[in-house]
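Everything below concerns the one structure shown next.
The values are calculated or read from the model by the stated rules, or taken from the named source; none is laboratory data. Predicted, not measured: the structure shown is a model, and the values here were computed from it. Here the Cβ positions follow ideal geometry from the backbone for every residue, glycine too, while neighbour counts run over all protein chains shown.
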Amino acid sequence: MRRSGKTRRTIRTSRMVAVGLCAGALAAALTAPAQAQGAAHVTGGKPHWELKDSGTDARFRGLSAVSANTAWLAGSAGTVLRTRDGGATWRNVSPPGAQDLQFRDIEAFDARRAVVLAIGEGEASRVFRTDDGGATWTESFRNTDARAFYDCLTFFDSRHGLAMSDPVDGKFRILSTSDGGRSWKVLPDAGMPVAQTGEAGFAAGGQCLVSSGPRDVWLATGGAARARVLHSADRGLTWTATDTPVPAGDPARGVFALAFRDRTHGLAVGGDYRPDQASPRAAARTSDGGRTWTTAAQPPPAYRSGVTWLPYSRTSALAVGPTGTDLTTDGGRTWRTLDTGSYDTVDCAPDLGCWASGEQGRVARLER
């Protein structure tokens with residue numbers, strides 16, 4: 001038995017090393033000079049987004065990448081789609097009667113289990129869970145407080161997760177589950193800092209609330225005088241707030257998305273979502289868990305609503321927005337545009353399967 005266990009560990013380690021090497025090769029390939037300068041989608045052997053036909057014109061701001069073959073989408077008009085063949089076909093697995101809801105975030109544990117969040121004031125904010133690939137859904141939470149507006153959700157593991165609402169009575173409201181999203185409870189707000197006037201989260205790409213590891217979670221804000229990131233190291237019971245250099249001071253400006261590759265190294269992207277407004281300093285980075293943030297020396301050229309680390313990479317990440325996709329290979333210090341297609345959110349699976357989605361049913365997988 002001891003020898004068998006050692007063999008399994010050796011095989012597992014070998015697989016992780018192989019995937020890590022692939023991640024490094026992918027990052028290197030992404031930084032290679034493009035063969036077709038100015039092309040919206042880079043081709044010719046270089047990694048690039050390959051559009052998949054979703055069969056719908058819904059706007060997909062919710063995305064969960066399970067693998068290179070399996071991904072879930074959640075969007076407007078109560079639409080939820082799932083693929084298990086790399087995007088060649090998509091199955092409409094929308095919850096019945098959800099046509100009037102706006103899904104903005106989805107967290108999938110595998111091809112069968114997923115939790116999806118609908119956003120909006122009052123009862124428009126709801127959570128649904130499926131255990132059979134979307135064949136059936138259970139509504140596990142419906143907001144009954146007219147003052148609450150839920151924006152994002154995240155999971156630490158397959159059981160423990162949080163959802164966040166814009167401030168109620170002057171503080172962000174946190175919803176908690178310990179059974180995989182089957183039931184939820186509002187956490188006490190004694191450990192939550194007071195919100196700024198006008199401060200809120202942005203339900204733009206399902207990444208205004210993100211977690212890393214078993215207990216750490218971060219919340220992104222905007223709309224107020226300062227764009228902040230709030231951090232909790234105890235699954236949402238107590239929080240600290242830190243100002244970021246991302247411009248705010250307007251309801252349309254702030255931090256829209258976060259990504260943490262571990263409990264200390266994180267990225268923040270955002271800006272001003274209005275297309276006629278510039279978004280300088282639209283990205284920042286932290287190496288101390290969000291206690292301090294530094295502006296990117298070369299930020300993305302415009303507003304970005306989604307960001308994700310490349311798996312197993314310590315320095316490479318992708319950011320997306322309506323005007324393109326950007327890559328960093330130095331931990332968020334500098335970014336350069338790879339693609340000019342419109343996407344709202346981006347996510348990568350452990351096997352390096354990276355996906356992006358957005359308006360007019362757009363969904364793409366990173367091909368290499």
Only listed residue being closer than 19 Å to Val80 by Cα and surrounded by fewer than 24 Cβ atoms within 10 Å (Cβ to Cβ), chosen from Ala200, Ala135: Ala135
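Report the residue count in the stretch 170-183 for those that are of a type outside the set (Ser, Thr, Tyr), surrounded by fewer than 21 Cβ atoms within 10 Å (Cβ to Cβ) and in a loop (DSSP other than H, G, I, E, B).
Taking the stretch 170-183 and keeping what is of a type outside the set (Ser, Thr, Tyr), we get 170-175, 179-182.
Right, trim to surrounded by fewer than 21 Cβ atoms within 10 Å (Cβ to Cβ) and you get 170-171, 179-180, 182.
Okay, now just the ones that are also in a loop (DSSP other than H, G, I, E, B), so 170, 179-180, 182.
Total meeting the criteria: 4.
Residues to consider are Gly62, Gly97; find the one that is out of contact with any Pro (no Cβ under 9 Å at 6 or more places or on another chain), among the small types (Gly, Ala, Ser) and more than 17 Å from Gly205 (Cα to Cα). Quick ask: steps written out before the conclusion?
Working: Gly62 fails: more than 17 Å from Gly205 (Cα to Cα).
Exactly one residue qualifies, and that residue is Gly97.
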Asp243 out of contact with any Ser or Thr (no Cβ under 6 Å at 6 or more places or on another chain), over 20 Å from Arg104 (Cα atoms) and among the charged types (D, E, K, R): yes
Pairs with Cβ under 9 Å, 6+ apart, first in the stretch 196-207 and assigned to a strand (DSSP E or B), second at pLDDT 95 or above and of a type in the set (Gly, Ala, Ser): Ala200/Gly222; Ala200/Gly223; Ala200/Ala224; Ala200/Gly254
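Can we say Asp189 is surrounded by fewer than 16 Cβ atoms within 10 Å (Cβ to Cβ) and in a loop (DSSP other than H, G, I, E, B)? First the steps, then the outcome.
Details: surrounded by fewer than 16 Cβ atoms within 10 Å (Cβ to Cβ): no; in a loop (DSSP other than H, G, I, E, B): yes.
So Asp189 fails the test.
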